[in-house]
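Nothing in this text is a laboratory measurement; each read-out follows from the coordinates by a stated rule. Owing to the predicted nature of the structure, the values given are computational and were not obtained by experimental measurement. Reconstructed Cβ throughout: ideal geometry from the backbone, glycine too, with neighbour counts over all protein chains shown.
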Amino acid sequence: MDVDSKPPPLSPPPTYGFCARQGTHDFEDPEQGGRRYLPQVNKWGRGAVEWRCERAGGAEHVPLWEAYPIWRDEPLLMFNAQGPSKQAAKEASARLMAESGHC
């Protein structure tokens with residue numbers, strides 16, 4: 001590479017995948033009497049959403065869990081969330097996904 005030459009520009013972000021979607025689905029708000037976000041996102045996904053959940057720390061008797069969705073084999077790490085149980089972590093992650101505007 002020449003001293004005066006510049007490196008090639010970075011590629012633009014992909015125009016495909018979950019974050020390229022324009023969402024049209026309206027989710028019920030659990031705080032207004034609707035169902036929790038996790039079952040709503042799972043129903044919306046029609047089997048295309050899986051959940052990765054791992055222990056993130058905490059004391060033995062008070063664990064902290066971390067979860068994020070995988071949509072059509074695409075890990076959606078931007079929706080990573082934590083909670084005191086696996087279910088709570090997945091619910092928090094599902095809320096982030098539902099509120100993203102991409103569903």
**Item:** Qualifying positions in segment 61-103 - among the acidic types (Asp, Glu), out of contact with any Gly (no Cβ under 9 Å at 6 or more places or on another chain) and under 14 Å from GLN40 (Cβ atoms)
**Value:** GLU99
**Request:** Determine the pairs where a residue that is under 15 Å from TRP71 (Cα atoms), located within segment 91-103, has a partner that is of a type in the set (Val, Ile, Thr) and buried (at least 20 other Cβ atoms within 10 Å of the Cβ) with Cβ atoms under 6 Å apart, the partner being 6 or more residues away or on another chain.
**Result:** ALA94/VAL41; MET97/VAL41; ALA98/VAL41
**Asked** Quick one: which strands (runs of 3 or more DSSP E) sit completely within segment 40-93 and have at least 1 residues that are on the phi < 0 side of the Ramachandran plot, of a type in the set (S, T, N, Q) and under 14 Å from the mean Cα position of the chain (by Cα)?
**Response** 81-83
**Complete set of residues in segment 19-52 that are loosely packed, with under 11 Cβ neighbours inside 10 Å and either farther than 21 Å from LEU77 by Cβ or not hydrophobic (A, V, I, L, M, F, W, C) (or both)** = GLN22, THR24, ASP26, GLU31, GLN32, GLY33, ARG46, GLY47
**Message:** I need the full set of residues from segment 68-99 which are in contact with a helix residue (DSSP H, G or I) (Cβ under 7 Å, 6 or more places away or on another chain) and under 17 Å from GLN22 (Cβ atoms), in order please.
**Reply:** TRP71, GLU74, LEU76, MET97, ALA98
